[in-house]
There are 2 protein chains.
Amino acid sequence: MSQKDAGVDLDKSLGYLLKEASSALRAAMEEVLRPLGMTVTHYSCLELLAQRPGLSNSELARGAFVTRQSMNVLLQTLERDGYVTRPAAPPVGKALPARLTPSGRRSLEKASAAVRSVELRMLSGLTEPEQTAAFGILGSMIHSLRDGGDAAG
Amino acid sequence: MSQKDAGVDLDKSLGYLLKEASSALRAAMEEVLRPLGMTVTHYSCLELLAQRPGLSNSELARGAFVTRQSMNVLLQTLERDGYVTRPAAPPVGKALPARLTPSGRRSLEKASAAVRSVELRMLSGLTEPEQTAAFGILGSMIHSLRDGGDAAG
DNA sequence: TGACTCATGTCAGTATTCTGACATACGGTG
DNA sequence: CACCGTATGTCAGAATACTGACATGAGTCA
């Protein structure tokens, strides 16, 4: 009731829009990943590993925006299912470098294609200059949020 | 190891950046909301209610990007703590219109100021034209994601 | 060498959210 | 009036992620 016809002049703050966009992206990714039996975090881990082989559990966790503990649970599943391998003993320190197996790489290929289609759809409404601008804008927002605004010149 | 000095040329896809920005924003919000004993979803619900009094549980859920079930749990807590009121019986249909109590409104004021400071910090790295562009860009991305790209002219 | 700090992996418990399912209430249609 | 599709609130169970805490390994410094 009053969902589509009401003006919905809610916040329309950039923060709300950002959350809305992120939510829409996640939903779209889940939709195309589900038929492949993969979750977004699942995919993120594999993609991270493909681009930077040998990442440790903690590094993977940071890259996927989850805790070490959550990523560890996921890695155990991926390892059990044969998508990822980790040495029995750490080569140095405590960090166990993870790597994709051929099976993991194959699985990632399909998922990667699916996700790419979502990203292309997301970009389809933007002009090239807008796409370039989006990179800079999001980058600036992240930087300001992390370093504390304009204080960290 | 190799976290700050490595190039981190990861995806750098717009999707990843969007997730990164959203994650940074959420973390920043949690940080300023925690001293007030509030979570992000908690705050979102109150803010939604302030701007659109009488929203139902389902409508609030959509606005906060969670399920009806999750929002219902939250609403019960907010009701118990005296921040929100709902009539015992639905005036029409099954939807129970929720409203902020004076206590809820007071609580929201502080939270709102805190969140606003975060949003200002996020915007501090952007020029005015960039801020305007950000609205349009995020809006376009959401639209394309929801309606299926350029197919829905 | 010994103490200190930091990062990592891991265990345990908790919290939050989600999926599935059901009954109810409104609106449209025959 | 009866039927059907949609939307809502709600209950129950499962999945997921988080916080807290601990021991280990590496680097630094006296």
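The values are calculated or read from the model by the stated rules, or taken from the named source; none is laboratory data. All values reported here derive from a predicted model rather than from experimental measurement. So basically every Cβ, Gly included, is an ideal-geometry build from the backbone, and we count neighbours across all protein chains shown.
Let's see how each residue does on (1) at pLDDT 95 or above; (2) within 20 Å of the chain's Cα centre (by Cα); (3) crowded, with 16+ Cβ neighbours inside 10 Å; (4) closer than 30 Å to B:Leu78 by Cα:
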position	(1), (2), (3), (4)
B:Gly104	yes, yes, yes, yes
B:Lys110	no, yes, no, yes
B:Leu126	yes, no, yes, no
B:Pro129	yes, no, no, no
B:Ala133	yes, no, yes, no
B:Leu138	yes, yes, yes, no
B:Arg146	no, yes, no, no
B:Gly153	no, no, no, no
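From the residues in the range A:30-79 that are surrounded by 14 or more Cβ atoms within 10 Å (Cβ to Cβ) and on the phi > 0 side of the Ramachandran plot, which one is farthest from DNA strand D (Cβ to nearest atom)?
Here the answer is A:Gly54.
Output the number of the condition that B:Lys94 fails; it satisfies all remaining conditions of (1) over 17 Å from the mean Cα position of the chain (by Cα); (2) free of Cβ contacts under 8 Å to residues at least 12 places away in the same chain; (3) surrounded by 13 or more Cβ atoms within 10 Å (Cβ to Cβ).
The number of the failed condition is (3).
Filter the range B:58-105 for residues that are within 9 Å of DNA strand C (Cβ to nearest atom), away from chain A (no Cβ under 14 Å) and of a type in the set (Ser, Thr, Tyr) and give the result.
Residue satisfying the conditions is B:Thr77 alone.
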